[in-house]
1. Quick one: work out the % antiparallel among DSSP beta bridges in the protein assembly as shown, nearest 5.
2. Only four residue types carry charge here, +1 at the Cβ of Lys and Arg and -1 at the Cβ of Asp and Glu. Report the dipole size of chain B about the Cα centre in Debye, rounded to the nearest 20.
3. On average, how much area does the Cα convex hull of the protein assembly as shown cover when viewed from any direction, in nm²?
4. Of A:T24, A:G94, A:T5, whose Cα points farthest to the positive end of the dipole of chain A (charges on the beta-carbon: +1 Lys, Arg; -1 Asp, Glu; origin at the Cα centre)?
5. Once phi is turned into θ = phi - 60°, what whole-Hz ³J(HN,Hα) does the Karplus curve with 6.51, -1.76 and 1.60 give for every residue of segment B:69-74, x standing for Gly and Pro?
6. With springs only between Cα atoms under 10 Å, which of B:E75, B:E51, B:E101 fluctuates most in a Gaussian network model of chain B?
7. Output ³J(HN,Hα) for segment A:39-56: one whole-Hz value per residue in order, computed from phi by the Karplus curve 6.51 cos²θ - 1.76 cosθ + 1.60 with θ = phi - 60°, and x for Gly and Pro.
8. Computed on alpha carbon atoms, what radius of gyration and Dmax characterise chain B, expressed in Å?
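The values are calculated or read from the model by the stated rules, or taken from the named source; none is laboratory data. As the structure is a computational prediction, the values presented were derived from the model and not from experiment. Please note: Cβ atoms are built from the backbone with ideal geometry, for glycine as well, and neighbour counts cover all protein chains shown. To get the accessible areas, we keep the full protein, side chains included, count just its heavy atoms, and leave off ligands, DNA and RNA. Shrake-Rupley method; radii C 1.70, N 1.55, O 1.52, S 1.80 Å.
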Amino acid sequence: GDSVTQMEGPVTLSEEAFLTINCTYTATGYPSLFWYVQYPGEGLQLLLKATKADDKGSNKGFEATYRKETTSFHLEKGSVQVSDSAVYFCAPLGRGGATNKLIFGTGTLLAVQP
Amino acid sequence: DAGVTQSPTHLIKTRGQQVTLRCSPKSGHDTVSWYQQALGQGPQFIFQYYEEEERQRGNFPDRFSGHQFPNYSSELNVNALLLGDSALYLCASSLALDNQETQYFGPGTRLLVL
């Protein structure tokens, strides 16, 4: 079945450091790919998305490129801030059946220290 | 532009009881999906509603049921509550014309079963 694998957290960085969170997926067909962010005690916020191979999604300094050949969608940010501390979820959109549903892994906790 | 809203924000129930959670989709959206997020885990798809019908169901027992109203809002009902039903319940809305691709989440309802 469809699945996603993210790097184990927590990822601890100092402010202004470079961030990479790895994500690989298995899915039937040609899924759209999403990154969501969850701040403590809150729901999920859509961070960025990409719908086809080589597309780059970007938002708030974060970016990720859809790599079909390696089935990956790694999240990057050039300079993290304390306010970026949160759990990040990579989620392919599983197609098939009567609808499309998001497939989530366990997420990656990012902790940014001042 | 009103986002996805959920009520209540928190709920405490005892084993064997029944609970109803409510969701209003983002303005203009017509599809509602429900996800369960256990502590420390990623969200798991429960089911999706469109045109007042359940379109697809995840791996959840029949104790979990739902409903969608003509105004597109939705309810999630859980009967015969178990301790393991304690979780954050997330509602996400999307647009059928968009193939339910981009899903926007509400803040969630945190359910504690004692």
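1. In the protein assembly as shown, approximately 90 percent of DSSP beta bridges are antiparallel ones.
2. Around 580 debye, computed over chain B.
3. Mean orientational projected area (the protein assembly as shown, Cα hull): 12.4 nm².
4. Comparing the listed Cα positions along the dipole, A:G94 ranks first.
5. Karplus values, whole Hz, x for Gly and Pro: 9, x, 8, 6, 5, 9.
6. Maximum among the listed residues: B:E101.
7. 7, x, x, 10, x, 8, 10, 5, 9, 6, 8, 9, 10, 8, 3, 6, 5, 10
8. 13.2, 41
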